[in-house]
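To start, the structure itself, in structure tokens.
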Amino acid sequence: MDLLDRIKDKQALVGIIGLGYVGLPLVLRFCEVGFRVLGFDTDAGKVERLNRGESYIRHISSSRLADLLRPQEGKGQFAATHDMGRLGEPDVLIICVPTPLSAMREPDLRFVANTTRQIAACLRPGQLVSLESTTYPGTTAELVLPILSVKYTVGKDFYLVFSPEREDPGNPEYQVSSIPKVVGGVTPACLEHGVAFYAQAIDRVIAVSSTQAAEMSKLLENIYRAVNIALVNELKMLCLRMGMDIFEVIEAAKTKPFGFQAFYPGPGLGGHCIPIDPFYLTWKAREYDFSTRFIELAGDINTSMPHFVVQRVTKALSDHHKALNGARILVLGIAYKKDVDDPRESPALKIMDLLKQEGAEVSYNDPYILRCAGMRHYPHFDLISTPLDERALRETDLVLLVTDHSAYDYAWIASQAPLIVDTRNAFKGIAGKHIYPA
Ligand SMILES: NC(=O)c1ccc[n+]([C@@H]2O[C@H](COP(=O)([O-])OP(=O)(O)OC[C@H]3O[C@@H](n4cnc5c(N)ncnc54)[C@H](O)[C@@H]3O)[C@@H](O)[C@H]2O)c1
């Protein structure tokens with residue numbers, strides 16, 4: 001049976017490399033529609049937990065995962081491994097490994113390159129490889145393809161596509177199946193195999209003419225968000241100076257039924273995508289003597305937001321005859337966005353670092369992140385989430401709301417805390433001169 005038939009009959013074994021925020025939802029979806037899935041991850045601890053049916057991501061339920069470990073009618077079975085020597089077993093390999101920035105803010109493609117080399121060592125005729133990690137246009141054709149093409153011919157012996165992931169962790173409105181999937185192939189045969197594969201699990205698959213177009217489409221999506229968030233962040237700072245409420249302004253503008261999409265200001269960008277991905281394009285554009293000015297400007301504004309928050313904290317304290325140096329500050333929410341347990345690139349970390357540098361005594365509470373240690377840019381952090389009780393609120397000089405988790409009782413917090421700086425409009429509708437927007 002050739003690969004297309006194996007895909008159509010759901011006989012194909014699917015290998016998912018990188019069992020993180022992107023890889024695990026894909027595991028669930030491909031099993032749900034009847035494929036057997038073998039997950040690969042270099043983190044032996046994660047593999048062990050997953051093979052016990054334990055999810056380590058809050059919004060992915062352990063019971064759903066545990067169900068997939070045993071055979072069930074109509075559903076595929078899942079197993080995880082850290083043995084990369086087994087990469088020759090799956091018919092389809094999906095790469096979902098991290099694509100961070102280096103310390104010099106340049107693309108760090110070590111994870112993608114290592115994984116590709118490991119695939120190349122086991123590659124056999126009839127395999128389809130799909131890169132899903134966000135990256136600059138050209139990665140699939142210029143980095144992945146040469147490594148895989150040593151022994152075999154693309155489009156004939158094996159197939160290679162790029163299909164960007166559009167996961168929005170914790171968003172209950174969209175599932176993997178209902179988020180349309182863009183696919184670009186290195187050759188027409190690659191595209192045909194890629195589209196046939198994703199169509200088994202995703203309601204709508206959009207074929208584009210090349211892997212570069214697919215890579216660029218993902219970057220456009222994230223740059224669009226970064227630029228629009230920078231715009232409202234700048235307008236927020238102006239509105240505060242003019243004595244206006246940016247959130248009220250956005251709500252009013254949002255009533256326009258066409259040509260406007262609401263974005264909201266905040267304490268700075270966070271997460272694995274928006275603060276990082278645009279700079280992948282900036283880097284690539286240099287090769288073409290081109291400067292991506294919108295991205296740079298948006299980056300300048302967005303990265304200045306944590307400093308702005310610290311200024312607002314200083315002002316709130318000073319209005320109450322207190323100095324930042326020595327002030328006890330309780331930060332609420334350190335995840336990069338509400339209701340998730342992911343602190344990667346969270347602006348809360350930068351803000352806490354700046355506050356500490358100014359001599360503040362910083363503690364935090366986050367119902368989903370009980371320990372804050374081992375952070376990439378803040379290796380000196382080793383904090384435990386403070387229980388959020390009356391005493392913690394009363395004994396602090398200022399409460400700084402960074403991430404507006406739904407679990408917080410804002411009216412109660414406002415009634416207990418002496419002074420509040422709110423970066424998310426979370427205390428909307430709660431009156432009090434002690435609440436400062438930031
Ligand atoms: N998190 C999101 O919301 C999101 C959304 C869209 C796209 N993306 C992109 O998807 C990619 C993965 O992001 P993520 O959030 O899932 O990352 P993650 O850190 O949650 O997961 C990556 C996993 O890969 C594993 N890993 C690292 N190197 C490996 C290797 N050589 N072989 C096998 N496993 C390896 C890690 O142990 C980890 O479990 C990134 O390119 C990211 O930009 C993420």
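The values are calculated or read from the model by the stated rules, or taken from the named source; none is laboratory data. These figures come from a predicted structure and were not determined experimentally. Neighbour counts are summed over all protein chains in view; Cβ atoms, including those assigned to glycine, are modelled from backbone coordinates with ideal geometry. We work out accessible area using only protein heavy atoms, side chains counted, and drop any ligands, DNA or RNA first. Shrake-Rupley method; radii C 1.70, N 1.55, O 1.52, S 1.80 Å.
Points to keep in mind about this one:
- Any pair with Cβ under 8 angstrom, 6 or more apart, that starts in the range 19-41 at a residue that is open to solvent by less than 10 Å² (accessible area, probe 1.4 Å) and of a type in the set (Phe, Trp, Tyr) and ends at one that is away from the ligand (no atom under 11 Å from the Cβ) and at pLDDT below 95: PHE30/GLY76; PHE35/GLY76
- The residue of the range 111-141 that is nearest to the ligand (Cβ to nearest atom), among those that are among the β-branched types (Val, Ile, Thr) and over 15 Å from ASP83 (Cα atoms), is THR134.
- Residue in the range 316-336 that is in contact (Cβ under 8 Å) with a residue 40 or more places away in the chain and within 16 Å of the ligand (Cβ to nearest atom) present: yes
- Taking the criterion of being on the phi > 0 side of the Ramachandran plot, open to solvent by 10 Å² or more (accessible area, probe 1.4 Å) and not acidic (Asp, Glu), the residues of the range 318-356 that qualify are HIS321, GLY326.
- Residue in the range 64-75 that is more than 16 Å from the ligand (Cβ to nearest atom), at pLDDT 95 or above, among the polar types (S, T, N, Q) and farther than 28 Å from PRO343 by Cβ present: no
- Selection count where residues are among the aromatic types (Phe, Trp, Tyr) and either open to solvent by 70 Å² or more (accessible area, probe 1.4 Å) or in a helix (DSSP H, G or I) (or both), scope the range 390-414: 2
- Only one of the numbered conditions (1) surrounded by 13 or more Cβ atoms within 10 Å (Cβ to Cβ); (2) away from the ligand (no atom under 11 Å from the Cβ); (3) farther than 21 Å from HIS272 by Cβ is not met by MET84, and that is (2).
- Members of the range 391-438 found to be touching a residue at least 24 places away in the same chain (Cβ under 8 Å) and at positive phi, listed by number: ASN425
- The single condition from (1) surrounded by fewer than 22 Cβ atoms within 10 Å (Cβ to Cβ); (2) aliphatic (A, V, I, L, M); (3) under 30 Å from VAL249 (Cα atoms) that ALA226 fails is (1).
- Only a single criterion out of (1) aromatic (Phe, Trp, Tyr); (2) in a loop (DSSP other than H, G, I, E, B); (3) at pLDDT 95 or above is not satisfied by TYR159, namely (2).
- Taking first residues from the range 163-175 that are under 11 Å from HIS59 (Cα atoms) and partners that are modelled with pLDDT of 90 or more and surrounded by fewer than 20 Cβ atoms within 10 Å (Cβ to Cβ), the Cβ contacts under 6 Å between residues at least 6 apart in sequence or on separate chains come to GLY170/ASP339.
- Any chance TYR288 is more than 16 Å from the ligand (Cβ to nearest atom) and either open to solvent by less than 10 Å² (accessible area, probe 1.4 Å) or over 18 Å from LEU401 (Cβ atoms) (or both): yes
- Filter result for VAL154 (more than 15 Å from the ligand (Cβ to nearest atom) and free of Cβ contacts under 8 Å to residues at least 60 places away in the same chain): yes
- Residue in the range 364-389 that is surrounded by the fewest Cβ atoms within 10 Å (Cβ to Cβ), counting only those that are in contact with a Phe, Trp or Tyr (Cβ under 9 Å, 6 or more places away or on another chain) and not in a strand (DSSP E or B): GLY374
- Residues that are more than 10 Å from the ligand (Cβ to nearest atom), aliphatic (A, V, I, L, M), under 23 Å from VAL340 (Cβ atoms) and modelled with pLDDT under 95 are absent from the range 43-59 altogether.
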